[in-house]
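The values are calculated or read from the model by the stated rules, or taken from the named source; none is laboratory data. Since this is a predicted model, take the numbers as computed values, not measurements. So basically every Cβ, Gly included, is an ideal-geometry build from the backbone, and we count neighbours across all protein chains shown. Only protein heavy atoms, including side chains, enter the accessible area calculation; ligands, DNA and RNA are left aside. Shrake-Rupley method; radii C 1.70, N 1.55, O 1.52, S 1.80 Å.
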Amino acid sequence: MNKREVKSGKEILDDFFRDIEKMPEVNQKIAKSLASLYEQGKLTDTNVKNELQNLREKDGD
Amino acid sequence: MAIKIKQLEITGLRGIRDTLSLALGEKSVLLYGDNGTGKSSISDSVEWYYTDAVSHLSGEEIDLKEALRNAYFASEEESNISVNYNKAVINSQKKLLTKKGKLVSEYSNVTTDFSNYLESSKKENLILRYQFLRDFIDRTKGDKLKNLSDIIGFSEVTKIKDVLRKSFNSLKSEIKSQNFENQINTQKQTLIEKIGAAVSQENNFYEKINEIIADYGTGITVGLMEDVDKVLLKLKTPVTTKIVAELRFLETYQSSLTTLKTEIDLIDKEYDKYFKEFEKIAADVQSIMQTYFAEMLKSGCNLISKKFHTESSCPLCLQPKDLNDLQSEIKVRLLEIEESSKKKAVFDNAKISATAIVDERIKRLATLGSEVLISDTSNSTAKNALDELKKKMEAYKKAISEKVTSGNKIAIPNSLKLVDRDFSELKAVLGRIEKIKKALATDNTTLLFANISAAKDAFQKIKKFEAEREKLEAQKKSLGIIFDGFVKKQKDGLQDFIDNFSDTINEFYQYMNPGELFEEIRIVTMGEENELNGITIEFKYKGNWVSPPQKYFSESHLNCFGISFFLASVIAFNKENKFLLLDDIISSFDTNHRKRFADLLFEKFADYQIILLTHEEQWFQYVKQISKRKGWIIGKIKWTETKGTHLDENPSDLKELVEADLTNGNVTLLGNPIRKYLEYILKTICFNLEVKLNFRYNEVNEKRMPDEMINELKAKINKASAELKLKLPIIERLTSSNVFGNLLSHDNPFDPKIGDLKAFWNDIIEFESVFKCQQSTCTKPQVSLKNYDTVAKKIRCGCDATKYDWK
């Protein structure tokens with residue numbers, strides 16, 4: 001088996017949230033919102049819950 | 001270029017008051033500091049420099065910046081940490097200063113080079129990882145393996161995974177508590193009753209409306225919701241409006257209560273689940289209470305294991321106690337607490353679920369209570385019945401809100417359960433509805449108006465519920481995909497580390513445990529396909545794979561494993577920085593493993609710059625011997641009230657430091673070490689020649705020592721030695737130097753240039769050589785009255801090569 005490159009915890013997180021919008025069948029607005037919270041260092045369950053609520057309240061989401 | 005540190009300076013942070021300067025010159029350093037000397041002030045400052053946080057100071061009640069600043073520092077003084085590297089463009093100082101009455105921090109280096117460097121250092125997580133290693137070592141045996149991924153810097157990954165899992169569960173809980181299916185079915189019943197069909201598509205709804213208005217000659221064909229409104233407007237009269245409003249209110253009341261009635265089992269099931277968990281916990285409330293003591297017990301354990309507390313007593317209550325027994329007892333209690341925590345987590349989940357279900361019903365009853373007609377006198381009985389239902393739901397809420405540790409009992413499920421008589425008003429309301437309908441039976445237009453109006457309302461509610469459910473389901477689906485993707489990423493990341501570094505970890509482990517029966521160690525992830533609970537290890541013992549590892553691994557073995565894991569992560573992740581900081585990590589190790597760990601560091605990490613801090617005297621002495629041979633810098637950390645945390649510099653180190661800085665042209669802050677060295681040699685000379693000074697308090701002494709000692713020395717020489725009088729010009733040169741002026745303290749306003757400092761230093765060295773034999777073979781090089789030649793009347797060194805007349 002070929003060994004893959006080893007990534008640090010932060011690199012794993014950075015990679016994941018950078019590519020989150022490319023995940024198939026994932027709502028783009030949710031993906032963007034999570035990536036933005038991560039970028040700002042505000043990814044907590046309370047903030048995610050509030051963001052999801054906001055998205056639901058907006059028309060068309 | 002692999003980054004190493006050349007110079008580290010800290011002022012006014014934590015216990016460090018005066019400047020603490022470490023001229024590392026890319027070398028490793030071993031620092032010993034007794035408990036309470038502020039050794040960790042260094043690691044805290046470095047952590048703050050890199051991460052803008054200090055993990056053990058994090059907490060809502062602590063203002064980090066305030067806690068970081070030395071307590072004696074005045075508001076106008078500037079605390080800071082400066083780090084100079086072997087790559088000058090990233091040299092920077094991080095300052096903590098007061099601006100507009102507020103403590104703020106800033107870096108002196110604002111270049112892209114530096115910000116890129118900081119960013120890559122954060123990726124390496126080089127500072128925090130050793131703390132997770134320390135936590136790992138302090139944990140109970142059963143707890144250790146869960147935290148292996150933390151010590152390689154994956155703690156943030158675990159934290160984010162937890163956030164995503166909670167968010168996903170919160171959506172599931174929201175869908176469950178809304179009970180959309182039930183709400184939609186109630187509205188469908190209304191549609192059947194009003195228009196004879198539970199239509200779900202808009203066009204079917206319009207078709208149905210067109211069908212029932214066909215004989216009324218409205219002249220309107222319904223194709224949109226606005227058309228339904230037009231029909232209603234055409235049918236509307238002042239009389240119909242009043243009757244229909246009353247009918248609509250009664251029907252809303254009836255459907256709301258009917259929905260609630262159908263949900264009795266749902267509410268009761270959730271409360272029953274909660275009640276059972278409450279009873280379990282309340283029956284053993286001590287086990288839950290002790291979860292609150294976990295942190296305190298862990299602290300007590302740390303105090304003992306790190307030898308902060310060495311008396312034969314409990315560090316918390318101070319009762320007499322054998323420390324080994326106490327440590328074992330604490331570990332057993334921590335294991336029990338771990339079990340209790342699991343029970344508490346189940347209880348907490350039941351509480352969250354029951355609360356959500358009850359809150360949603362209270363909200364719906366409140367909405368019904370806000371209907372305008374509920375206040376009408378004709379509806380007073382209905383209002384009272386509604387209030388009673390609200391009270392019953394509030395009773396659920398009160399029971400669920402009871403603290404499990406209060407000792408109070410909560411209502412048994414049957415005593416709260418909603419029963420038929422709570423809905424007896426429904427019968428009266430239904431009677432009133434029937435009565436209105438009967439009255440309307442002869443008034444086709446009003447009946448039609450009422451039916452269409454109620455059908456429109458029910459249809460729109462169905463659409464609203466469906467839309468809400470759809471949004472929640474869609475969000476749940478997205479979150480589910482994201483969570484699964486995240487877990488896969490986490491698992492892959494860990495697996496990649498394991499695939500690449502199993503051999504290294506094994507090698508390090510075997511190094512610290514030679515001759516062990518463990519032939520091979522394998523790291524495996526725990527959890528099913530899409531879940532990851534942590535990682536554990538398996539090992540071969542007499543040819544068979546063994547798991548769990550605690551079966552044969554002692555605590556010391558597990559600690560070695562943790563350290564091996566950590567060191568492998570240094571190789572894996574410290575891509576840019578070639579230094580690492582280790583603050584007090586071997587406390588729980590037995591002597592044998594401590595030594596082997598030190599040997600491992602020296603042998604396998606010789607090309608790394610290591611900043612090693614310890615308060616373990618024996619270990620320090622052991623490591624010191626090797627460090628000297630390897631050219632490490634060695635120092636002791638002291639604390640005094642006036643200076644705070646400072647380095648107890650020995651003169652030879654000081655001399656080396658000054659000479660290195662002069663060679664490298666590092667002029668900043670060099671005056672102080674030179675002054676200290678001059679003071680040191682003056683004290684030695686004056687002591688050897690019995691030059692006496694009057695006693696002064698310390699504060700005064702600090703300022704007067706160099707010049708007063710020199711003056712007294714000159715006076716003594718003038719009286720006692722013709723030969724030494726010939727050497728007085730060198731002393732004069734020293735005292736006339738601008739650098740010497742104003743006592744060489746930090747307050748010296750003179751800003752010396754490199755030339756001034758070099759000249760002054762040469763004078764000091766020449767002055768020292770007058771009183772110190774330069775023969776390498778001389779075992780007692782100091783010229784001293786102790787070696788006085790009574791025949792020749794000369795003071796001299798031990799080998800007689802340096803001597804002067806003395807009377």
Open item on the list: Do any residues of region B:120-135 show a loss of at least 20 square angstrom of accessible area between the isolated chain and the full protein assembly, using a 1.4 Å probe, and if so which?
Closed with: B:Lys122, B:Lys123
TODO: Would you mind giving the mean number of other chain beta-carbons within 10 Å of the Cβ of each residue in B:152-160, as a whole number?
DONE: 5
Task: Rel. contact order, % - alpha carbon contacts under 8 angstrom, at least six apart, chain B - done: 18
Task: Nearest-ten-degree value, helix B:425-440 long axis tilted from longest Cα axis of chain B - done: 50
Open item on the list: Rounding to the nearest 10 and keeping the result within 0 to 90°, find how far the Cα-based axis of helix B:112-124 lies from the longest principal axis of chain B.
Closed with: 70
Task: Listed residue (B:Asn672, B:Ile717, B:Tyr541) projecting farthest to the positive dipole end of the protein assembly as shown, Cβ model - done: B:Ile717
Open item on the list: Given R₀ = 22 Å, what would the calculated FRET efficiency be for B:Glu66 paired with B:Thr19, taking r from the Cβ atoms and rounding to 0.05?
Closed with: 0.60
TODO: Along each of the three principal axes of the Cα atoms of region B:405-511, give the extent in whole Å, ordering the values from largest to smallest.
DONE: 98, 45, 16
- [ ] State, in square angstrom and to the nearest 100, the accessible area buried between chains A and B, both chains counted, probe radius 1.4 Å.
- [x] 3100
- [ ] Mind putting a number on the dipole of chain B about its Cα centre? Charges go on the C-beta only, +1 for Lys and Arg and -1 for Asp and Glu, and I need it in Debye to the nearest 20.
- [x] 1000
Task: Dipole moment magnitude, nearest 20 debye, the protein assembly as shown about Cα centre, only Lys, Arg, Asp, Glu C-beta charged - done: 1180
Task: Accessible surface of the protein assembly as shown [probe 1.4 Å, protein heavy atoms]: carbon and sulfur percent - done: 50
Open item on the list: Calculate the FRET efficiency for B:Glu617 and A:Glu25 from the Cβ-Cβ distance with a Förster distance of 56 Å, rounded to the nearest 0.05.
Closed with: 0.35
Task: For chain A, with +1 on Lys and Arg beta carbons and -1 on Asp and Glu, the positive-most of A:Asn47, A:Asn27, A:Gly9 along the dipole - done: A:Gly9
Task: Percent of alpha-carbon pairs separated by more than 17 Å within region B:204-310 - done: 77
TODO: Divide by every residue of the protein assembly as shown the summed helix terms, -39500 (n - 2.57) for each DSSP H run of at least 4, and state the resulting mean residue ellipticity at 222 nm, rounded to the nearest 500 deg cm²/dmol.
DONE: -19000 deg cm²/dmol
- [ ] Name the lysines eligible as straight-distance cross-link partners of B:Lys542: C-alpha to C-alpha under 27 Å, and not fewer than 8 places from it in the same chain.
- [x] B:Lys141, B:Lys144, B:Lys146, B:Lys551
TODO: For an R0 of 30 angstrom, estimate the FRET efficiency from the Cβ-Cβ distance between B:Tyr541 and B:Lys488 and round to the nearest 0.05.
DONE: 0.40
TODO: Using per-residue counts of other Cβ atoms within 10 Å, averaged over each peptide, order B:774-780, B:80-86, B:228-234, B:661-667 from highest down.
DONE: B:80-86, B:228-234, B:661-667, B:774-780
TODO: Using amide H atoms built 1.01 Å from N in the peptide plane, name the residues 5+ places from B:Val29, or on other chains, whose amide H lies under 5 Å from its own.
DONE: B:Ile610, B:Ile611, B:Leu612, B:Ile633
Task: For residues of B:475-484, the mean tally of beta carbons on other chains within 10 Å - done: 5
- [ ] Of all alpha-carbon pairs in the protein assembly as shown, indicate the percentage at a distance above 45 angstrom.
- [x] 51
Task: Dimensions (Å) - region B:372-433, Cα atoms, principal axes, largest first - done: 48, 23, 11
Open item on the list: Quick check: the angle from helix B:238-262's long axis to the longest principal axis of chain B, C-alpha only, nearest 10 degrees?
Closed with: 60
TODO: Would you mind checking which residues have amide H under 5 Å from B:Phe539's amide H? H placed 1.01 Å from N; only 5 or more apart, or other chain.
DONE: B:Arg522, B:Val546
Task: Pairs from A:Lys29/B:Lys489; B:Lys123/B:Lys628; A:Lys32/B:Lys94; B:Lys172/B:Lys298 whose Cα-Cα separation, in the structure shown, is over 27 Å - done: B:Lys123/B:Lys628; A:Lys32/B:Lys94; B:Lys172/B:Lys298
Open item on the list: I'd like to know which of B:Val157, B:Ser167, B:Ser45 lies farthest towards the positive end of the charge dipole of chain B, counting +1 on Cβ of Lys and Arg and -1 on Cβ of Asp and Glu.
Closed with: B:Ser45
Task: Size of charge dipole - region B:552-689 - debye, nearest 20, with Cβ of Lys, Arg +1 and Asp, Glu -1, no other charges - done: 260
